[in-house]
Amino acid sequence: DVFIDGEKTSFKDLIVDVVYDPDGTSVVLDCDELEEAYHKNLISCTEKQMIIDTAERLKNVLESQFEQVNSWFEMMYEKVKKIL
């Protein structure tokens, strides 16, 4: 989440990362950082579960829709190539 309040901007990092490979596989990384944040009381149990659920849903969508995802990445790559 990004929060903008006048001149102050902050964000809440959901901590875990979902890495997607063009072969259609994906992996959730940094779960240890999620546990650390929970044990330091930086996030609640509810937030921790929401993060886990969201990462898993994203991973499942990426893997089940890999053809569409790859097509989108290829289209974005071509657009960026033209700019650079």
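Just a few scattered comments:
- Out-of-range pairs (alpha-carbon distance over 31 Å; input Lys59/Lys79; Lys8/Lys40; Lys40/Lys79): Lys40/Lys79
- Surface composition of the chain: carbon and sulfur make up 57 percent of the accessible area, probe 1.4 Å.
- Taking only the Cα atoms of the chain, the ratio Rg/Rh comes out at 1.09, with Rh defined as the Kirkwood radius.
- For the chain, accessible area per residue (1.4 Å probe, heavy atoms of protein chains only), Å²: 80
- Remark: the chain carries a charge dipole of roughly 320 debye about the Cα centre, counting +1 on each Lys and Arg Cβ and -1 on each Asp and Glu Cβ.
- In order through segment 53-68: 3J(HN,Hα) via Karplus (6.51 cos²θ - 1.76 cosθ + 1.60), integer Hz, x for Gly, Pro: 4, 5, 4, 5, 5, 4, 4, 5, 5, 4, 6, 7, 10, 4, 5, 5
- Once C-alpha pairs closer than 8 Å and six or more residues apart are averaged by separation and normalised to the residue number of the chain, the relative contact order reads 25 percent.
- Amide N of segment 22-38 lying under 16 Å from the label point, which is placed 7 angstrom from the Cα of Met76 along Cα→Cβ: 22-27
The values are calculated or read from the model by the stated rules, or taken from the named source; none is laboratory data. Note that the structure is a prediction, hence the values are computed from the model and not measured. Reconstructed Cβ throughout: ideal geometry from the backbone, glycine too, with neighbour counts over all protein chains shown. The accessibility values were calculated without ligands, DNA or RNA, using every heavy atom of the protein model including side chains. Shrake-Rupley method; radii C 1.70, N 1.55, O 1.52, S 1.80 Å.
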